[in-house]
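Heads up: the structure comes next, in structure tokens.
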Amino acid sequence: MDVQTSLLLVAAGVAGGIINALAGGATLITFPAMLAAGLPAVIANASNAVAISPGHLIAALADRGKLPPPTRRTISFVAVCTLGGAVGAGVLLLLPERLFVLPVPGLIAFATLLFACAPQIQRWTIGRHEAAALPSTGASGAVLGLACVYGGFFGAGLGVILTAVLSITEPNDIRAIKALKNLLATCVSLAATLIFIVQGAVRWPEASAMLLGAIIGGYAGGYLIRILPGHIVRQFVIAAGAVMTAIYAARYWF
Amino acid sequence: MTNAWTYRRADRAGIVELASWRGAGSLGLRPHFHDEAQIVLVLSGSRAFRINGATVTVPAGHAALIPAGLLHAPIPTADAETVCLNAYLPASRACSSLRVMRAGNRWRSVDEISAEHIREIADDILSQAPSSPAGYTDRAKLGVALTESAEPIGDIAAGLGRSREGFSRLVRRELGVAPHAFRLLARLNLARQLLRAGEPIAAAAADAGFSDQSHLTRLFRGTFGTTPGVYWRD
């Protein structure tokens, strides 16, 4: 790996760390950076997952006081999400490269769109506060599981999806939903990265460079959150996601 | 020289030549192209190339197809142990840009890889690459104009109705190197082809327009990773 590539990956990691701390959606920056570093798409995705995995973990640890009590329901959610993440990662590794490359622009576009609609989803979440339509644990588990298969497979926008799903199934205080979301996203990313590592799909030089950046960015984000407005970071992520969609559509579809 | 590429002629249908590498990391080489399409199959460690100003990494368990005529510069990698097999295929079967795909970890050593495996990998890569021959013919035309005659660059430019500088820019954009460098690489390819056919080194050097054998040796080693002597013997 040359100096230029290392710098690109560390810089993308720093940006990703800050973005995750302030708004979420780092994958929209860091995954394209892995591709730009010259890695094949599947390896880039797996290495990216490892590099940004600490994000959810740190958030989950920071908010652990807000976690719901370990009821049967939460425990089964954790199990379902871990399994879902593992299945998603397995599908990614079993699929021929071409079948991953083709939907990549679509996946980036989907995540960008989710991200752009996050405030609406958020508002709607708060609106549901009064509603009491609680589907069965089985049905909620199935929906969560599907979301987590996507999370293990690609990962971008998982936080937004989980927040949306949880606000349907657990009409609750938003802080509790966020804490549970971070816990479940951590399970997904740990399960997926474990499979990527065991299967040798991770390129360590690139992943470590980005991981280093992400840790620095994560810490910096903790300070920047007071001075950098979250909505500007969000708009930056959405713009970047739109540009990335266009670039990868041009590269993989035409 | 302890670290070098080992070449062997592949007297099998559909494959011109094989080259293998086993060593700590891999060599950085001068930018070059081949007259054949090249399959790079990495068994362990990794290979990396600089192509069109971007870095492309080929990790273990992956194969890359570098189309004939595409300028690429192998960059040194520092992986502990790298095992790699290059196969050169006739240029008629090619795509327009570099493609990397997963080949799986089926092999431990290059000796286990048969010609059928290589053809299978080539078919796999080509089946998923959209071919766009239009860009290729433009490049090919320029390449032919530069190599088929020994006319000065300025005359070729004038023949195409361009200024020397304009022509240089065009060549650099389309072929990746300046006209003189392109000619030199084409002559290195010719020398390689002559050596492959069994021509003695001194004769190959002279026929390919190198002033002497040591001139060819220096450039050959820096570009193809071994000396003409070793290449010729193998």
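Every residue, every condition in (1) touching a helix residue (DSSP H, G or I) at 6+ places or on another chain (Cβ under 8 Å); (2) modelled with pLDDT under 90; (3) of a type outside the set (S, T, Y), yes or no:
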residue	(1), (2), (3)
A:V202	yes, no, yes
A:G213	yes, no, yes
A:G221	yes, yes, yes
A:I227	no, yes, yes
A:G230	yes, yes, yes
A:W253	yes, yes, yes
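Name the residue, out of B:T147, B:T217, that is of a type in the set (S, T, N, Q), in contact with a helix residue (DSSP H, G or I) (Cβ under 9 Å, 6 or more places away or on another chain), within 26 Å of B:V40 (Cα to Cα) and not assigned by TED's automatic domain parsing to the domain that holds B:A103.
On the way: B:T147 fails: within 26 Å of B:V40 (Cα to Cα).
Selected residue: B:T217, the only one of B:T147, B:T217 that is of a type in the set (S, T, N, Q), in contact with a helix residue (DSSP H, G or I) (Cβ under 9 Å, 6 or more places away or on another chain), within 26 Å of B:V40 (Cα to Cα) and not assigned by TED's automatic domain parsing to the domain that holds B:A103.
Looking only at region B:54-82, how many residues end up being at the interface with another protein chain (Cβ under 10 Å from one of its Cβ atoms) and in a loop (DSSP other than H, G, I, E, B)?
Number of matching residues: 5.
Can B:R102 be described as surrounded by 19 or more Cβ atoms within 10 Å (Cβ to Cβ), of a type in the set (D, E, K, R) and modelled with pLDDT of 80 or more? Please lay out each step first, then the result.
Working: surrounded by 19 or more Cβ atoms within 10 Å (Cβ to Cβ): yes; of a type in the set (D, E, K, R): yes; modelled with pLDDT of 80 or more: yes.
So B:R102 passes the test.
Tell me the residue from A:A89, A:A109, A:A60, A:A51 that is at pLDDT below 85 and more than 14 Å from every other protein chain (Cβ to nearest Cβ), please. Before the answer, list the steps.
Details: A:A89 fails: at pLDDT below 85; A:A109 fails: at pLDDT below 85; A:A51 fails: at pLDDT below 85.
Selected residue: A:A60, the only one of A:A89, A:A109, A:A60, A:A51 that is at pLDDT below 85 and more than 14 Å from every other protein chain (Cβ to nearest Cβ).
Just to be sure I understand, how many residues within region A:118-136 are under 21 Å from A:V149 (Cβ atoms) and modelled with pLDDT of 80 or more?
Counting residues in region A:118-136 that are under 21 Å from A:V149 (Cβ atoms) and modelled with pLDDT of 80 or more gives 0.
Please indicate, with yes or no, whether at least one residue in region A:165-176 is under 24 Å from B:T57 (Cβ atoms) and either touching a helix residue (DSSP H, G or I) at 6+ places or on another chain (Cβ under 6 Å) or buried (at least 20 other Cβ atoms within 10 Å of the Cβ) (or both).
The initial filter retains those residues of region A:165-176 that are under 24 Å from B:T57 (Cβ atoms), namely none.
Checked against the condition, which is being under 24 Å from B:T57 (Cβ atoms) and either touching a helix residue (DSSP H, G or I) at 6+ places or on another chain (Cβ under 6 Å) or buried (at least 20 other Cβ atoms within 10 Å of the Cβ) (or both), region A:165-176 yields no hits at all.
Using beta carbons and a limit of 7 Å, which pairs, at least six apart or on different chains, have the first residue in region B:15-28 and assigned to a loop (DSSP other than H, G, I, E, B) and the second one among the hydrophobic types (A, V, I, L, M, F, W, C)?
Note: pairs meeting the criteria are B:A24/B:A80; B:G25/B:A78; B:G28/B:I75.
Pick from A:L184, A:L158: which is surrounded by 24 or more Cβ atoms within 10 Å (Cβ to Cβ), free of Cβ contacts under 8 Å to residues at least 60 places away in the same chain and aliphatic (A, V, I, L, M)? Walk me through it before giving the result.
Numbers: A:L184 fails: free of Cβ contacts under 8 Å to residues at least 60 places away in the same chain.
None of the other options fit; the residue is A:L158.
Being closer than 19 Å to A:I18 by Cα, in contact (Cβ under 8 Å) with a residue 60 or more places away in the chain and assigned to a helix (DSSP H, G or I) is the filter here; which residues of region A:48-83 pass it? Steps first, please.
Taking region A:48-83 and keeping what is closer than 19 Å to A:I18 by Cα, we get A:48-63.
Next, from what is left, pick out any that are in contact (Cβ under 8 Å) with a residue 60 or more places away in the chain: A:48-60, A:63.
Once the filter is applied, which keeps residues that are closer than 19 Å to A:I18 by Cα, in contact (Cβ under 8 Å) with a residue 60 or more places away in the chain and assigned to a helix (DSSP H, G or I), region A:48-83 yields A:N48, A:A49, A:V50, A:A51, A:I52, A:P54, A:G55, A:H56, A:L57, A:I58, A:A59, A:A60.
Residues of region B:22-44 being surrounded by 22 or more Cβ atoms within 10 Å (Cβ to Cβ) and out of contact with any Phe, Trp or Tyr (no Cβ under 9 Å at 6 or more places or on another chain), which ones?
Of everything in region B:22-44, those that are surrounded by 22 or more Cβ atoms within 10 Å (Cβ to Cβ) and out of contact with any Phe, Trp or Tyr (no Cβ under 9 Å at 6 or more places or on another chain) turn out to be B:S26, B:V42.
I need the helices (runs of 4 or more DSSP H) fully contained in region B:132-179, keeping only those with at least 3 residues that are modelled with pLDDT of 85 or more. Step through it out loud before you land on a result.
Details: elements: B:133-147, B:153-159, B:164-175.
Correct list: B:153-159, B:164-175.
The values are calculated or read from the model by the stated rules, or taken from the named source; none is laboratory data. These numbers come from a predicted model, not from an experiment. Because the Cβ atoms are built from the backbone with ideal geometry, glycine has one as well, and the counts that use them run over all protein chains shown.
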